[in-house]
Amino acid sequence: MADMWHSEKTHEGLLRITIDRKDRPVNALSRSVMEELGELVRTIRSDKSIRGVMFQSGKPSIFIAGADITEFDDLTDTAAAEEVSTFGQSVFQELEELMVPTVALISGACLGGGLEFALACRYRVASSHANTKLGLPEVQLGLLPGWGGTVRLPRQIGLIDALPLVLSGRQLGGFQARSKGVVHEVVPPEALDSVGETIIRAHLEYGSASRLFRASKKPGWQRFLEGTSAAKKFALKKARQQVMSKTHGHYPAPLAIIETFQKGLSADDRQRFRIEAKAIAGLAANPVTRECIRLFFLQEEAKKPPAELGAKFDAKDLKQAAVIGAGAMGAGIALLLARKGVATRLKDIKPEFVARGVKTVRDLLKKDMQRKKLTRRQAEEVFDRLSPATDYRGLKHSDVIIEAVVEVPDIKRQVFAELAEATNSETVLATNTSSLLVSDVARDVPHPERVVGLHFFNPPHQMPLVEVIRTEQTSDAALAKAFAVVQRLGKTPVVVGDCAGFLVNRLLGPYMNEAGFILTEVANPMEIEKAAVDFGMPMGPLALSDLVGLDVAAHVADNLYQAYGERMKQAPIWGALKQLREKIGSQPKLLAEDGRSIQESVLRCIADLRKQSGISGRAVLSRKEIANRLVFPVINEAAICLAEGIARRPEDIDLAMVFGTGFAPFRGGPLQYALSIGIQTVVDSLEELAKTHPHLTPSEPLRDCASRGSFAATPGGTSDANRNESGHASRAAG
């Protein structure tokens, strides 16, 4: 037995059940845990002295995190998956049918199967603590709720409100959950137990505890409309259109969710449970689901410090930090730290710069309050942890300082020289540079072993990935502390070596640059966008260039060319657009406002380039050919990064590209995709393309991987041959 359900009965007949899986850091619902729950429910049903049941967690930040995903590997066929779903449904149905009142006292994560469990209880009370999160995130694993979630959530809050929650996997805070009707009440953590008792007593006295809870805020007409069949069918139709527009049919889970709800419109609960189980069976062994689950495991593994790291630092011990630079990025990082309970100083050179950063923080907190992610009091507590400053006083006891000033080498070096004077030798100094070598930024620091890179992606409060950059001089102690910062922030860390572009931008560079080459070759440039989206990218490379900004993209591209030579040779279009910018006095965009065509000024640049180079511009490439041109150079560069030791393992590359750039998750990342089609296929295609595009010549590391049939990292990191292959891998980019 997993021994997760610990019960204690009071003299009044109230059964308190503490959910605490002693053998795991989180409460997760494995098969044995569910069997134990089934036995417990049957015991409660047969014990007439029990008058009410309260479920509460013994772990401070976890109620029930969901199903034990380690058992998902066993779901290799539809029959096994359907049986698991049916079994879980039956256990929760027995819980729901108990004659005594049951109350789930939710504090911490209540996700997936955890929320399905709570929905089977008669009442739900959530803690007001910020770590309380409720949701059904199964869609992110390529699945749908399989233990009654598609039945009970619509029954509780209505299909129209339930549908977007299940389709997005969105997690709700306590107050958000109450506003949606998912929980009945939200109370301070210390009041959960007494409120639970009050609910049970009210139910026993009046047959219901509904009088204790505030009424629904929805107006009567809205409740009536949501109950009509026509409204539900319209909501499902719109949801399908939105899903197809966003995913282009690459992901079966959202469509299966819509179909499950659709079939359930004319069914009773018993039939709806069967529909849900059948849908789970259809998804469990789907290749897309397997890749989504693989990425989940990679993400969880990445959150653990590297096994070879010879030092430790507990993320809970992070007490004080500072951020230098109060721009959008610096303010966002400072807010992340303050939200996680870290006293944070936000410093810039002028009061007006600091004031602007403080305003950014206030605006983000205000949005969180409007979305009911935070109460006003919680927002004030976060803000109180932030200390604005224009000098370096008070930094001696900081655990870590993150620099986020402009991408100018001399300015960054000056900041680090000043930080070295203002801090103690154990304070970790981290740079958030995206294009400069960390070792170059740190060259004037007396103790360079305490310098690391922490490359956040913009916007930092939304993007899940952080690159943790280790130089040749970075100590294990400094790396451990930097890693702990990312852990504390709840982000996904990927440890990479110090090189121009680090890992993500270095791999994204060839992708974006190749789009520039193709732009002057193809008859219809918009096919580039369509090919990328068809492949599974969240947007095309031209739209991404406009989003990042052509100035930034050109700056990164120039740095990569300076560092790596001919294979990163810039497409001529970028130089032409730079001249256009100087001519018109503003930064041009590639796409028109509607995103469906190329700007006329850009088309003129393309026409001029074609004349100068003798390119006809009439090439008709299939979308698959365009996608190969975009993606295969990324795979080529990734193989070089592995050979150099910039990435520790192939899985880190896949994880970084999926979470850092949105690389098609259902394909598993660039290297997993290469394995699925055959590495030799990539080599052969690049060799053919190199006949007319020499910069696409496959690298020796990629050829070696093809001969081995795998992307296993080369032991020992960079060899002389590999360093020559990469161009000037150690040259400063900036």
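The values are calculated or read from the model by the stated rules, or taken from the named source; none is laboratory data. For clarity, every value in this text was computed on a predicted model and none was experimentally measured. Cβ sites come from the backbone with ideal geometry, for glycine too, and all protein chains shown count toward neighbours.
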LEU335 being out of contact with any Ser or Thr (no Cβ under 7 Å at 6 or more places or on another chain), buried (at least 23 other Cβ atoms within 10 Å of the Cβ) and under 23 Å from THR132 (Cβ atoms): yes
Residue that is surrounded by the fewest Cβ atoms within 10 Å (Cβ to Cβ), among those in segment 668-698 that are more than 31 Å from the chain's Cα centre (by Cα) and hydroxyl-bearing (Ser, Thr, Tyr): THR692
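Consider segment 301-317. How many of its residues are more than 22 Å from the chain's Cα centre (by Cα) and farther than 12 Å from ALA480 by Cβ? Outline the logic, then answer.
Going through segment 301-317, the residues more than 22 Å from the chain's Cα centre (by Cα) turn out to be 307-314, 317.
If we keep only those that are farther than 12 Å from ALA480 by Cβ too, we end up with 307.
Qualifying residue count, segment 301-317: 1.
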Of the residues that make up segment 342-352, is at least one within 27 Å of ASP440 (Cα to Cα), in contact (Cβ under 8 Å) with a residue 12 or more places away in the chain and part of a helix (DSSP H, G or I)? no
Give all pairs with beta carbons closer than 6 Å in which a residue from segment 605-634 that is closer than 19 Å to LYS691 by Cβ meets a residue that is among the hydroxyl-bearing types (Ser, Thr, Tyr) and outside any helix (DSSP H, G or I); count only pairs at least 6 apart in sequence or on separate chains. ILE615/THR520
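Taking the criterion of being at pLDDT below 80, more than 24 Å from GLU651 (Cβ to Cβ) and assigned to a loop (DSSP other than H, G, I, E, B), would at least one residue in segment 713-720 satisfy it? Steps first, please.
Kept after step one, since they are at pLDDT below 80, are these residues of segment 713-720: 713-720.
This time we only want the ones that are more than 24 Å from GLU651 (Cβ to Cβ), so: 720.
Okay, now just the ones that are also assigned to a loop (DSSP other than H, G, I, E, B), so none.
No - not one qualifying residue is present in segment 713-720.
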It is to be established whether one or more residues within segment 71-94 are touching a residue at least 60 places away in the same chain (Cβ under 8 Å) and either at positive phi or in contact with a strand residue (DSSP E or B) (Cβ under 7 Å, 6 or more places away or on another chain) (or both). no
Considering (1) farther than 25 Å from GLU300 by Cβ; (2) surrounded by fewer than 13 Cβ atoms within 10 Å (Cβ to Cβ); (3) in contact (Cβ under 8 Å) with a residue 24 or more places away in the chain, say which one LEU40 fails and leave the rest. (2)
Odd one out for ALA482 among (1) touching an Asp or Glu at 6+ places or on another chain (Cβ under 9 Å); (2) surrounded by 22 or more Cβ atoms within 10 Å (Cβ to Cβ): (1)
Any chance LYS372 is under 25 Å from GLN487 (Cα atoms), assigned by TED's automatic domain parsing to the domain that holds GLY332 and among the basic types (Lys, Arg): yes
So, in segment 425-448, of the ones that are in a loop (DSSP other than H, G, I, E, B) and of a type in the set (S, T, N, Q), which residue ends up surrounded by the fewest Cβ atoms within 10 Å (Cβ to Cβ)? SER425
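Restricting to segment 98-154, count the residues that are assigned to a strand (DSSP E or B), within 20 Å of ALA28 (Cβ to Cβ) and either touching a residue at least 60 places away in the same chain (Cβ under 8 Å) or more than 26 Å from the chain's Cα centre (by Cα) (or both). Talk me through it step by step, then tell me what you get.
The first filter runs over segment 98-154 and keeps only residues assigned to a strand (DSSP E or B), leaving 102-106, 109-111, 123-127, 133-135.
Going one step further and asking which of them are within 20 Å of ALA28 (Cβ to Cβ), we end up with 104-106, 109-111, 124, 126-127, 133-135.
From the residues that got through so far, the ones that are either touching a residue at least 60 places away in the same chain (Cβ under 8 Å) or more than 26 Å from the chain's Cα centre (by Cα) (or both) too are 104-106, 109, 111, 124, 126-127.
Total meeting the criteria: 8.
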